[in-house]
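Data block below; observations after.
None of the figures in this text is laboratory data; all of them are computed from the coordinates on show. Only a predicted model underlies this, so the values are computations on that prediction, with no experimental measurement involved. Methodologically, a virtual Cβ is constructed for each residue, glycine included, from the backbone with ideal geometry; neighbour enumeration extends over all protein chains shown.
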Amino acid sequence: MNIGIVGSTGYIAQFLIEHFETCSNIAKVVKFDKSDLADIYLDLQDCEKFNFDLLDGLSYLIFTAAISGPDMCAKEYEMCWNINVIGTTKFISEAIKRNIRVLFFSSDAVFGDIDGFIYNEKSETMAKTPYGRMKKAVEDEFKQSAYFKAIRLSYVASGKDRFVSYCMSCMEKGEIADVYHPFYRNCIVVSDVVKVVEWMINNWEKFTDFVLNVAGNELVSRVRIADEINRIKKGKLKYTISVPDESFYQNRPSITQMESLYLYDMNILKRESFTTKIQREMENE
């Protein structure tokens, strides 16, 4: 089968491409992005000009593309809405018309911010932030379609994610990292995402819900991540803890607790500690 990846130059997409290009059951991985590195050029802000006949022959479309910075989505709301909602729904609609199964990357931001509440796939989505409302809009548009499923990601950690990269850079330069606290998520690692995407492709009809929450079984803070780096790197990271001002939390809750009714019970992933996951992730990169 042939699969397409929209947003192919993105952080997680690079891991997906590397994996799927070695899978024997996948004949071709077609890369879509606003980049010369893509197989097919796609500007979601100008989606009407795209030749959708180029989608013919695909079995699955993995939709990773989005402006995902919460602050950018708030500051440049109209532009981000045009890309994250209008362009995205147009592209997904055209794929579904061609009987292509679409796996959409959503976020725990769709839920809102209820103190102490743990969200699962059956929880009501009451997104408050601009980014969360954009992801919710796409979910709501297609959730009745048999050709659409979504995975909601919590914080995705790896040796190359933004926060870990920042800490590693500080360590290498001998600088003191500034770690914001409180900021908690049910962290997963990028290899988890790759496993989940592969499972969804191979078990599309077996998974009967339209959405899967992809979340670790521990609530992890940035301080915990910094401590895990120190454990792996023998205490070389020096950091201070600071409380960000209120503007930081306007576009992202300090705590989002998300769990899944399916992820572990259906053996999509196995339960492991965050310590085990992040160590393996950093050793393999």
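Most mobile of 103, 219, 261 per a Gaussian network model of the chain (Cα springs, under 10 Å)?
261
Pull up the DSSP beta bridges for the chain and report the antiparallel fraction as a percent, rounded to 5.
Beta bridges within the chain, antiparallel portion: roughly 5 percent.
Can you bin the range 75-144 into rounded, prolate or oblate? Criterion: square roots of the alpha carbon gyration tensor eigenvalues sorted a ≥ b ≥ c, rounded for a/c under 1.5, prolate for a/b above b/c, oblate for the rest.
Oblate shape, in that a/c is at least 1.5 and b/c is the bigger or equal ratio.
Report D for the chain in µm² per second (integer): Stokes-Einstein, Kirkwood Rh on Cα pairs, 10 °C, 1.306 mPa s.
Rounded, D is 81 µm²/s.
Extending each Cα 7 Å along its Cβ direction at residue 52 and residue 175, get the distance between those two points in nm, one decimal.
So the two model labels end up 4.6 nm from each other.
What is the sum of charges around residue 204, taking Lys and Arg as +1, Asp and Glu as -1, for the other residues whose C-beta is under 13 Å from the C-beta of residue 204?
Within the 13 Å Cβ shell, the charges total 0.
Once phi is turned into ³J(HN,Hα) by the Karplus curve 6.51 cos²θ - 1.76 cosθ + 1.60 with θ = phi - 60°, what whole-Hz value does each residue of the range 25-32 show in order, with x for glycine and proline?
With coefficients 6.51, -1.76 and 1.60, one gets 8, 10, 6, 8, 10, 9, 9, 10 Hz.
Can you tell me the length gained on complete extension of the stretch residue 74 to residue 90, counting 0.36 nm per residue apart and subtracting the Cα distance?
Extra length from residue 74 to residue 90 when fully extended: 3.6 nm.
Karplus couplings for the range 183-192 from phi (6.51 cos²θ - 1.76 cosθ + 1.60, θ = phi - 60°), rounded to Hz, Gly and Pro as x?
Rounded to whole hertz, the list is 7, 10, 9, 7, 4, 10, 10, 5, 5, 4.
Once a ≥ b ≥ c are taken as the square roots of the eigenvalues of the Cα gyration tensor of the range 209-270, is the result rounded (a/c under 1.5), prolate (a/b larger than b/c) or oblate (a/b not larger than b/c)?
In terms of gyration-tensor shape, oblate.
Does anyone have the angle between helix 274-283 and the longest principal axis of the chain? Alpha-carbon axes, 0 to 90°, nearest 10?
Approximately 80 degrees, to the nearest 10.
Could you work out [θ]222 nm for the chain from helices alone, using -39500 (n - 2.57) per DSSP H run of at least four and dividing by all its residues? Round to the nearest 500 deg cm²/dmol.
My calculation for the chain gives -9500 deg cm²/dmol from helical runs alone.
Along the Cα→Cβ direction, 7 angstrom out, place labels at residue 145 and residue 233. What is the inter-label distance in nm?
Roughly 4.3 nm, to one decimal.
Is the shape of the range 91-186 best called rounded, prolate or oblate, per the rule: a/c under 1.5 gives rounded, else a/b larger than b/c gives prolate, else oblate, with a ≥ b ≥ c the square roots of the Cα gyration tensor eigenvalues?
Oblate.
Where the only charges are on Cβ atoms (+1 Lys, Arg; -1 Asp, Glu), what is the dipole of the range 11-130 about its Cα centre, to the nearest 20 debye?
With Lys and Arg at +1 and Asp and Glu at -1, about 340 debye.
Given the C-alpha centroids of the range 187-243 and the range 1-62, what is the distance between them in whole angstrom?
Result: 24 Å between the Cα centres.
Report the antiparallel proportion of the DSSP beta bridges in the range 115-265 as a percent, rounded to a multiple of 5.
Among the beta bridges of the range 115-265, antiparallel pairing accounts for roughly 10 percent.
Taking θ as phi - 60°, what are the ³J(HN,Hα) couplings along the range 236-252 by the Karplus curve (6.51, -1.76, 1.60), each to the nearest whole Hz, with x for Gly and Pro?
Per residue, the Karplus-derived 3J(HN,Hα) values read 7, 7, 9, 8, 10, 9, 9, 9, x, 6, 4, 4, 4, 8, 5, 10, 7 Hz.
Show which lysines lie in cross-link reach of residue 49 when reach means a straight Cα distance below 19 angstrom and same-chain residues fewer than eight apart are skipped.
Partners within reach: 31, 34, 90, 97.
Hey, could you grab the Kirkwood Rh for the range 11-159? Inverse mean 1/r over distinct alpha carbon pairs, Å, one decimal.
16.4
How large, in Å, is the range 12-87 by the Kirkwood hydrodynamic radius built from its alpha-carbon pairs?
14.1
5 Å is the cut-off here: which amide hydrogens, built 1.01 Å from N in the peptide plane, fall below it relative to residue 239, excluding neighbours closer than 5 in sequence?
177
Could you pull out every one of the lysines with an alpha carbon less than 22 Å from that of residue 236, ignoring same-chain neighbours closer than 8 positions?
Qualifying lysines at Cα under 22 Å: 160, 173, 277.
Mind checking which aspartates and glutamates have their Cα closer than 18 Å to the Cα of residue 28? Skip sequence neighbours fewer than 8 apart in that chain.
Excluding near neighbours in sequence, the set is 18, 39, 53, 56, 198.
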